[in-house]
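Please read the structure below before turning to the comments.
The values are calculated or read from the model by the stated rules, or taken from the named source; none is laboratory data. Computed from a prediction, not measured in an experiment: that's the story for all the values here. Counting neighbours? That spans all protein chains shown, and the Cβs are built from the backbone with ideal geometry, glycine included. Each accessible area value is taken on the protein alone, full model and side chains, heavy atoms only, with ligands, DNA and RNA left out. Shrake-Rupley method; radii C 1.70, N 1.55, O 1.52, S 1.80 Å.
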Amino acid sequence: MGSFKFFTRRKQVDSVEVETKGLLAKELTVPHLIAIGVGSTIGAGVYVLVGTVAREEAGPALTISFLLAGIAAALSAFCYAELASRCPSAGSAYHYSYICLGEGVAWLIGWALILEYTIGSATVARGITPNLAALIGGADKLPIFLSRQHIPGIDIIVDPCAAILVFIITALLCIGIKEIAVVQGTITSINVCALLFVVTAGSYLGFKFGWVGYDLHNGYFPFGVDGMLAGSATVFFAYIGFDAIASTAEEVKNPQRNLPLGIGGALFLCCGLYMMISIVVVGLVPYYAIDPDTPISSAFAKHGMHWAAYIINAGAFTALCSALMGGILPQPRILMAMARDGLLPPFFSDINKHTQIPVKSTIVTGLGAAILAFFMEVSELAGMASHICVLCCQIMTIYNYFIVIFELLFIYLFLCVDVNNENRRRVAGRMIALTCLGAFVLTYSSSNLSLHSFVRFTLCGVGGITLLSTLAFLSSMEQDDASQNFGHSGGFVCPFVPLLPIVSILINSYLLVNLSMGTWLRVSVWLAGGVLVYAFYGRTHSSLKDVIYVPAIQVDEIYRASKTCLV
């Protein structure tokens with residue numbers, strides 16, 4: 001096993017005294033971060049997702065589904081906020097897991113995020129053309145160089161408009177992070193105004209014509225509590241947007257303060273908008289009569305407000321543009337972080353001296369997304385997104401596991417106990433493993449209705465007892481002051497550790513076990529390709545290949561001593 005130690009080698013948090021060359025521009029404040037987070041989170045999905053989930057899973061209880069999903073996202077956001085403030089560097093989940101779990105896991109996360117952002121951006125870009133056409137009066141109104149064209153012989157429909165929009169967004173992303181945030185904020189503001197119009201006008205219609213969607217003979221939970229929970233698992237993906245904020249950590253002024261506020265503010269605003277939209281839509285039209293493709297505009301049309309479709313289409317168009325910008329923004333920074341660590345060629349780590357943006361990585365990212373958007377049908381991209389990007393979006397969930405393990409390992413295993421007491425370290429490690437096992441068994445058995453009732457209830461009991469007993473054991477262990485010395489101090493501290501991380505494990509385990517086998521198989525193919533790239537390039541070019549580890553407490557002392565010697 002000694003030959004595989006490279007897989008677990010970890011890098012340290014950058015010292016606050018080290019002046020790294022080629023840093024990105026520190027220009028972002030809390031409003032900028034909220035604009036980036038909301039713009040990346042509230043895409044066109046809100047204009048479609050509410051109809052699909054209400055019609056097929058939650059019914060009028062869609063609002064509760066959004067609330068529970070928002071709570072689950074908030075649990076992840078707490079952990080995200082602490083690690084982002086303690087380790088304010090580009091790379092987000094890749095960077096944190098490199099510090100906490102090692103190079104191998106970090107590579108797989110970074111590799112999966114590359115796929116997520118490329119496919120996601122291409123999917124969004126391909127969906128902009130029909131919304132733009134609807135906004136100007138139909139597809140026949142588009143100029144010939146923007147309209148979709150069928151290529152005979154190879155049976156491909158190309159979309160030049162999608163590719164052009166990707167190139168425009170890519171050019172904007174190369175001019176500077178502050179300018180990017182201003183443009184993103186402007187586009188997001190238009191989208192939010194459109195959503196507020198939906199809430200205001202929809203509430204007026206609801207009180208005028210009666211909330212017919214809530215006057216049902218089968219009650220508020222037509223699909224039962226299980227349907228409402230299944231709806232929560234589905235709409236959880238509508239909250240994915242924190243990674244875009246975390247990926248800009250290196251460009252944030254006062255990250256210890258601004259990153260947690262930006263993440264929390266974006267989550268609060270998104271959750272509030274989602275819940276208000278869902279209240280209006282399922283109240284105007286009975287859930288079974290909602291149009292799954294155009295739930296909002298069709299709900300207004302049924303009450304005679306056909307003109308509202310123009311405002312809603314404008315909101316959908318701006319939402320898509322905002323989501324496209326938010327989808328392309330993080331990937332160059334992840335590529336840059338991986339190249340800095342030697343896992344990718346140094347080409348991707350170059351930062352433009354004038355704009356202080358990783359321009360080369362941004363251009364490569366935009367080119368890849370533009371090619372996919374130009375050649376691939378939206379149905380093909382949507383299929384890939386539904387099976388691959390869903391799990392890649394669950395990187396947030398998987399990443400939350402990493403955060404929890406990080407919190408428990410560092411706070412309990414290394415910091416709360418005497419480092420010389422190997423027995424206590426071993427016991428704490430076993431309790432952490434049993435906690436994760438108990439959470440998985442409980443969530444799997446409770447969600448798998450195909451199991452025999454006796455087996456299901458037995459597993460639920462075993463998992464619940466294991467989870468509660470290990471939770472009680474870990475809660476009884478006291479933290480010491482050293483737990484606050486990891487990384488950069490003075491930032492946000494995740495509350496209620498280990499209670500909050502354990503609850504987060506429980507909720508996210510439920511979401512993970514509900515993913516289909518096809519989802520896991522498709523992503524496994526991409527990850528297998530990533531393993532080959534790492535084995536033949538990243539492993540041998542890693543900046544940690546010949547590193548010599550020293551105790552973390554000595555890092556700053558060694559740095560100061562080296563500066564003294566140089567002087």
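With the structure loaded, tell me whether ILE109 is among the hydrophobic types (A, V, I, L, M, F, W, C), farther than 23 Å from CYS270 by Cβ and within 16 Å of the chain's Cα centre (by Cα) or whether it fails that test. Before you say what the answer is, go through the steps one by one.
Numbers: among the hydrophobic types (A, V, I, L, M, F, W, C): yes; farther than 23 Å from CYS270 by Cβ: yes; within 16 Å of the chain's Cα centre (by Cα): yes.
Yes, satisfied.
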Item to complete: Could you tell me whether any residue of region 137-158 is in a helix (DSSP H, G or I) and within 19 Å of ALA319 (Cα to Cα)?
Response: no
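Would you say ALA314 is in a helix (DSSP H, G or I), touching a residue at least 12 places away in the same chain (Cβ under 8 Å) and buried (at least 23 other Cβ atoms within 10 Å of the Cβ)? Lay out the reasoning, then the answer.
Numbers: in a helix (DSSP H, G or I): yes; touching a residue at least 12 places away in the same chain (Cβ under 8 Å): yes; buried (at least 23 other Cβ atoms within 10 Å of the Cβ): no.
It is false that ALA314 is in a helix (DSSP H, G or I), touching a residue at least 12 places away in the same chain (Cβ under 8 Å) and buried (at least 23 other Cβ atoms within 10 Å of the Cβ).
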Fill in: Top-ranked residue in region 96-114 [being open to solvent by 30 Å² or more (accessible area, probe 1.4 Å) and at pLDDT 75 or above; ranked as nearest to LEU324 (Cα to Cα)]
TRP111
Worksheet entry | Failed condition for LEU343, given (1) surrounded by fewer than 24 Cβ atoms within 10 Å (Cβ to Cβ); (2) not in a helix (DSSP H, G or I) | (1)
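The rows are residues; the columns are (1) in a helix (DSSP H, G or I); (2) at pLDDT 85 or above; (3) under 30 Å from LEU146 (Cα atoms); (4) not aromatic (Phe, Trp, Tyr).
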position	(1), (2), (3), (4)
LEU62	yes, yes, no, yes
LEU75	yes, no, no, yes
GLU82	yes, no, no, yes
GLU116	yes, no, yes, yes
Discussion item. Being open to solvent by 10 Å² or more (accessible area, probe 1.4 Å) and under 12 Å from MET325 (Cα atoms) is the filter here; which residues of region 146-169 pass it?
Written reply: LEU165, PHE167, ILE168, ILE169
Discussion item. Out of VAL235, VAL281, I need the residue that is open to solvent by less than 10 Å² (accessible area, probe 1.4 Å), aliphatic (A, V, I, L, M), part of a helix (DSSP H, G or I) and modelled with pLDDT of 80 or more. Which one?
Written reply: VAL281
Worksheet, complete the sentence: The lone condition ILE357 fails out of (1) assigned to a loop (DSSP other than H, G, I, E, B); (2) open to solvent by 40 Å² or more (accessible area, probe 1.4 Å) is (2)
